[in-house]
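The values are calculated or read from the model by the stated rules, or taken from the named source; none is laboratory data. Just so it is clear, the structure is predicted and the values come from calculations on it, not from any experiment. All Cβ positions, glycine included, derive from the backbone under ideal geometry; neighbour counts span all protein chains shown.
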Amino acid sequence: MYRSHTCGELRIADAGKKVTLSGWVQRVRNLGAMTFIDLRDRYGITQLVIDENSSSDLKDLVKELGREYVVKITGEVIERASKNKKIPTGEIEVKVDELTILNPSEIPPFTIEDETDGGDELRMKYRYLDLRRNPVKNALLLRHRMAQEVRKYLDEQDFVEVETPFLIKSTPEGARDFVVPSRMHPGEFYALPQSPQTFKQLLMVAGFDKYFQIVKCFRDEDLRADRQPEFTQIDCEMSFVERDDVLNTFEGLIKHLFSKVKGIEFNESFKRMPYTEAMEKYGSDKPDLRFGMEFVALNDVVKGKGFRVFDDAEYVGGICAEGCSEYTRKQLDKLTEFVKRPQVGASGLVYIKYNTDGTLKSSVDKFFSPEDLLAIANVMEAKPGDLMLILAGDKKKTLFALSELRLEMGSRLGLRDNNKFVPLWVVDFPLLEWDDEEKRYFAMHHPFTSPIPEDVPLFKTEPGKIRANAYDLVINGVEIGGGSIRIFDRELQQTMFDALGFTKEEAEKQFGFLMNAFKYGAPPHGGIAFGFDRLCSLFGGSESIRDYIAFPKNNAGRDVMIDSPSPISDKQLDELQIEIKKNE
Ligand code: ASP
């Protein structure tokens, strides 16, 4: 027997018991007469003690121990003289009678402690060691709990978990596909699914009614901190539903998760906001609503005063930072630098200070009289003590820059508290997006998203104005999930393909199977997919999804632990009839 208890289990009530524990040596403290060992496993840490009365064999063996040795001990649970209130086992220790080294360990390349000295890459190379650390371990345990609760809730709602294939044909989600060469069909390739989109729709045609899957998806995109080439979705689809049915069902799922995993109850319905409103008020389709600071359009009050920057601008808009009128020159310069960064893209920043004594001071005093400034302050509903920050230029770019500035101010003012959660459904996205380079429309979501029925006639006149019956769930400025009510009618699907510039043949070649299925009685249906990694990191209060993935890839898409991607042998290449082009 390796253990009678885990290392997180023993309490004062167990004093006097003879126990066997196995685990890893976290630390050895040799205090001369006494030696203390922290023994660790997944469940916790138990202190072991070897004192002067212990056998000399045991004392000798203990001298051999190093960090991360795997040992088994037998001994008696005793009350500790100096108790450690910080850990659940802190009132006891185990006086060791017998110790067996099950496996020695080399000195780990970084310390296995909550705060470690290992850099990112090193910890990824030795991910199995990093996973021994509490913060990383707890992230995965949180993920496990979330997955179980997802299954519980959806099962109770009659959803059926169905697995869909990984070796498929491209699904046009907008990103690049990962492809897998077929040995049996040389020159032909499978694609790894960007999502099970078409399969879940086919399951609706098949009559499954409610489907879900916690599933890996693959997208060959340039990576950012919060992106991984393979990631997990909670993928769902339902039949005979309208938008509200879908939103209510999955609002229920998110509330269930908050309640069961975080003990947070949402009594109100989640707010819903049309895309256009989100863009006008927050410059983003995923606004962080933990704080206000809504944009105020200022075109009407600022134009015609001789200030070219405003007069020539398509859009002038501002935000009001409460209580910031005392910002120093230096602070304002920092903000100006911030908005001018290429990632933000503004050409400059105009400020108006509404001083606490009621006077107004701005960076454009030359053009604006105190009365003019007061008029702006009134439109912005600013009070004495506030600071108004104004950007101007091309509308799309300025809304974006103002959104970045709003988030920056929100962070500076401590308004983005990680323990506060504000969910929002963003609805009525545009169906199509014009691409200037390719001179054609792209589906903003994917080609199976249905238009809002009253907008269908716009296909003939202004396709760019068609609203989609699509929705995103946003929490704290993070897009957590998105989906839509689907097209289930062959003709409308054809119209959509036409609008996207597919010829009949291309549409047939790529999506013939779906169009065919629609011939045989497709029910009205709709669904959603949640980014599971991101949902976990949001629940865990972390910015990075990597911590919530057992074996993540680095920013260059590499698994540095198993060293992948890597070349394959000539034999493998031959079998696949693939020749590698040599780069000149
Ligand atoms: N397949 C979509 C996605 O991955 C989600 C959906 O429409 O259900 O974004």
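So the values come out like this:
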{"read-out": "Hits in the range 304-346 (condition: more than 31 Å from the chain's Cα centre (by Cα), of a type outside the set (Asp, Glu), in a loop (DSSP other than H, G, I, E, B) and under 22 Å from residue 279 (Cα atoms))", "value": "313"}
{"read-out": "Residue match in the range 192-206 (condition: surrounded by 17 or more Cβ atoms within 10 Å (Cβ to Cβ), in contact (Cβ under 8 Å) with a residue 24 or more places away in the chain, touching a helix residue (DSSP H, G or I) at 6+ places or on another chain (Cβ under 9 Å) and over 21 Å from residue 532 (Cβ atoms))", "value": "yes"}
{"read-out": "Strands (runs of 3 or more DSSP E) wholly inside the range 391-480 containing at least 1 residues that are away from the ligand (no atom under 16 Å from the Cβ) and touching a residue at least 40 places away in the same chain (Cβ under 8 Å)", "value": "423-427, 440-443, 470-475"}
{"read-out": "Among (1) surrounded by fewer than 20 Cβ atoms within 10 Å (Cβ to Cβ); (2) under 18 Å from the mean Cα position of the chain (by Cα); (3) touching a residue at least 24 places away in the same chain (Cβ under 8 Å); (4) away from the ligand (no atom under 11 Å from the Cβ), the one test that residue 181 misses", "value": "(2)"}
{"read-out": "Output for the range 263-281, where each listed residue is of a type in the set (Asp, Glu) and loosely packed, with under 13 Cβ neighbours inside 10 Å", "value": "265, 268"}
{"read-out": "Residues (polar (S, T, N, Q) and closer than 21 Å to residue 131 by Cα) located in the range 547-584", "value": "554, 555, 564"}
{"read-out": "Close pairs from the range 327-338: first surrounded by 17 or more Cβ atoms within 10 Å (Cβ to Cβ), partner among the charged types (D, E, K, R), Cβ under 7 Å, at least 6 apart", "value": "338/408"}
{"read-out": "Residue match in the range 205-219 (condition: within 15 Å of the ligand (Cβ to nearest atom), among the charged types (D, E, K, R), over 18 Å from the mean Cα position of the chain (by Cα) and not in a loop (DSSP other than H, G, I, E, B))", "value": "yes"}
{"read-out": "All positions within the range 481-490 that are outside any loop (DSSP other than H, G, I, E, B) and away from the ligand (no atom under 14 Å from the Cβ)", "value": "490"}
{"read-out": "Sole exception among (1) within 30 Å of residue 142 (Cα to Cα); (2) surrounded by 15 or more Cβ atoms within 10 Å (Cβ to Cβ) for residue 75, by number", "value": "(1)"}
{"read-out": "Tabulated pairs, the range 541-555, first part of a loop (DSSP other than H, G, I, E, B), second small (Gly, Ala, Ser), C-beta under 6 angstrom, 6+ apart or interchain", "value": "545/537"}
{"read-out": "Complete set of residues in the range 157-177 that are surrounded by fewer than 17 Cβ atoms within 10 Å (Cβ to Cβ), modelled with pLDDT of 95 or more and either not in a loop (DSSP other than H, G, I, E, B) or not hydrophobic (A, V, I, L, M, F, W, C) (or both)", "value": "157, 158, 160, 161, 163, 165"}
{"read-out": "Test for residue 501: is it away from the ligand (no atom under 16 Å from the Cβ), surrounded by fewer than 19 Cβ atoms within 10 Å (Cβ to Cβ) and not in a helix (DSSP H, G or I)", "value": "yes"}
{"read-out": "Condition met for residue 92 (out of contact with any Gly (no Cβ under 8 Å at 6 or more places or on another chain) and either among the polar types (S, T, N, Q) or under 12 Å from residue 46 (Cα atoms) (or both))", "value": "yes"}
{"read-out": "Flag for residue 412 being among the basic types (Lys, Arg) and under 25 Å from residue 197 (Cβ atoms)", "value": "no"}
{"read-out": "Residues located in the range 39-85, provided they are in a loop (DSSP other than H, G, I, E, B), more than 42 Å from the chain's Cα centre (by Cα) and without any contact (Cβ under 8 Å) to a residue 24 or more places away in the chain", "value": "52, 53, 55, 81, 82"}
{"read-out": "Residue in the range 29-43 that is under 30 Å from residue 138 (Cα atoms), polar (S, T, N, Q) and buried (at least 19 other Cβ atoms within 10 Å of the Cβ) present", "value": "yes"}
{"read-out": "Positions within the range 526-539 being crowded, with 21+ Cβ neighbours inside 10 Å and more than 16 Å from the ligand (Cβ to nearest atom), in sequence order", "value": "536, 537, 539"}
{"read-out": "Hits in the range 100-129 (condition: touching a residue at least 60 places away in the same chain (Cβ under 8 Å) and either in a strand (DSSP E or B) or at positive phi (or both))", "value": "102"}
{"read-out": "Criterion violated by residue 247 - all others in (1) assigned to a helix (DSSP H, G or I); (2) surrounded by fewer than 21 Cβ atoms within 10 Å (Cβ to Cβ); (3) within 14 Å of the ligand (Cβ to nearest atom) satisfied", "value": "(2)"}
{"read-out": "Failed condition for residue 97, given (1) of a type in the set (Asp, Glu); (2) within 30 Å of residue 208 (Cβ to Cβ); (3) in a strand (DSSP E or B)", "value": "(2)"}
